[in-house]
1. Residue under question is Ala123, and the condition is that it be among the aliphatic types (A, V, I, L, M), outside any strand (DSSP E or B), more than 12 Å from the ligand (Cβ to nearest atom) and modelled with pLDDT of 95 or more; does it hold?
2. Please go through the stretch 270-296 and pick out each residue that is part of a loop (DSSP other than H, G, I, E, B) and open to solvent by less than 20 Å² (accessible area, probe 1.4 Å).
3. I'm trying to understand the selection: among the residues of the stretch 257-269, which are open to solvent by 30 Å² or more (accessible area, probe 1.4 Å) and touching a Leu at 6+ places or on another chain (Cβ under 9 Å)?
4. Only residues that are out of contact with any Lys or Arg (no Cβ under 6 Å at 6 or more places or on another chain), open to solvent by less than 30 Å² (accessible area, probe 1.4 Å) and more than 10 Å from the ligand (Cβ to nearest atom): list them for the stretch 177-201, please.
5. Would you tally the residues in the stretch 203-240 being more than 15 Å from the ligand (Cβ to nearest atom) and surrounded by fewer than 24 Cβ atoms within 10 Å (Cβ to Cβ)?
6. Hey, any hits in the stretch 102-115 for a residue that's under 19 Å from Arg312 (Cβ atoms), part of a helix (DSSP H, G or I), in contact with a helix residue (DSSP H, G or I) (Cβ under 6 Å, 6 or more places away or on another chain) and without any contact (Cβ under 8 Å) to a residue 40 or more places away in the chain?
7. If you check every pair at least six apart or on different chains, which have Cβ atoms under 7 Å apart with a residue in the stretch 71-96 that is within 11 Å of the ligand (Cβ to nearest atom) first and a residue that is aromatic (Phe, Trp, Tyr) and not in a helix (DSSP H, G or I) second?
Amino acid sequence: MTANQNLNVVPFVSVDHMMRLVLKVGTETFLTELADVIEEDFLRWEQFDKTPRVASHSDEGVIELMPTSDGTLYGFKYVNGHPKNTKEGRQTVTAFGVLSDVGNGYPMLLSEMTILTALRTAAMSAVAAKHLARPNSRTMAIIGNGAQSEFQALAFKAILGVDRLRLYDLDPSATERCARNLSAKGFSITKCASPQEAVEGADIVTTVTADKLNATILSDNMVGPGIHINAVGGDCPGKTELHKDILLRSDIFVEYPPQTRIEGEIQQLDANYPVKELWEVIAGKKQGRDNERAITLFDSVGFAIEDFSALRYVRSKLEETGLFVDLDLLADPDEPRDLYGMLLRCEAKLQAA
Ligand code: NAD
């Protein structure tokens, strides 16, 4: 059965399907194609219905809903962020998402999005860096070597040609694992003993740590001219990674300002501090990097349109790969208004059996 043949079943992409899909397409090809879909959607930014994500905070973390629509399709993602989870054998971030037909409201896809979020976050970071980092950037420091880190490295390799990594994590075993996982992927890898050592000679610095506090992963003296900072880990109120002085020296680029002002590094700045929207740079309406010595900062928090793009991309792969199952998710009485009658017919069948 193809993704669309039966109106009453919904294609479901499980974690297992997603892994097979990524491996079948090839991780770097997947990241490159996904980056193209994200750019496509950023180029039509004004068509989208946009709202800051709806966040439910607790002492331990956050659960968020991220909706958007382009008028034809509607998408949302459910995602959590719980930094303490890894100590209990759980992921910090897990997610799933839905894509629906705006015309009739029926879901068209239900997908795991834990792996897909790592892929889309990495693809988004690389798209931003393509427009903001110095051309020919080859060396990237990654501070925070957890679940997102290898995906970040692979996206920067596939999309920018970054092939030298400098890794640091508070937990050396995380750095070991990240280095091991990437060892056959064409990188030259340096394991570093401090964030200071990691940023030495880096063209790009990715911060992707998880802690529910205003951390100082990078202090002002660690950031030299010309660097591009890809700040991924600060994505909640009270959860940031950069010293405020770095922000004051940087040209700052964001996804959707009303959300980033609440959640991003710029929560440390005045509410009207000037920032540029990335979509305007991609569309050629605003300049990205304006000189070799500028410090550019992508204050990434993750926005609904990126998840919409990711779901749209995954859906485009279903028919050719068959990597989904049909879910019996939508009630389908013979006569649409006879929902209760359907229950009665089921009861009769069960009694007859
Ligand atoms: P993870 O828990 O798997 O990994 C985080 C790593 O950071 C761990 O290895 C931890 O030891 C390390 N770390 C914590 N504090 C550190 C410090 N001070 N210095 C160095 N390393 C430190 O988490 P993950 O899934 O990789 O996610 C990382 C962060 O990225 C989270 O905060 C998450 O919310 C965020 N995130 C953002 C986006 C986005 O779109 N911007 C998307 C996904 C995840």
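The values are calculated or read from the model by the stated rules, or taken from the named source; none is laboratory data. From a predicted model like this one, the values you see are computed outputs, not experimental measurements. Because the Cβ atoms are built from the backbone with ideal geometry, glycine has one as well, and the counts that use them run over all protein chains shown. Please note that ligands, DNA and RNA were not included when accessible areas were found on the heavy atoms of the full protein model with its side chains. Shrake-Rupley method; radii C 1.70, N 1.55, O 1.52, S 1.80 Å.
1. In short, no.
2. To start, the set of residues in the stretch 270-296 that are part of a loop (DSSP other than H, G, I, E, B) comprises 270-275, 283-294.
Listed by number, the residues that qualify are Gly288, Ala294.
3. Within the stretch 257-269, Arg261, Gln268 meet the criteria.
4. Leu182, Phe187, Val199
5. Here is the first cut: in the stretch 203-240, the ones more than 15 Å from the ligand (Cβ to nearest atom) are 203-204, 220-221, 223-228.
Narrowing further to those that are surrounded by fewer than 24 Cβ atoms within 10 Å (Cβ to Cβ): 203, 220-221, 223-226.
Looking only at that region, the number is 7.
6. no
7. Ala95/Tyr78
So that you can scan it fast, the table gives a plain yes or no per residue for (1) basic (Lys, Arg); (2) modelled with pLDDT of 95 or more; (3) under 26 Å from Ala123 (Cβ atoms):
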site: Asp245; (1), (2), (3): no, yes, no
site: Arg249; (1), (2), (3): yes, yes, no
site: Pro257; (1), (2), (3): no, yes, yes
site: Glu265; (1), (2), (3): no, yes, yes
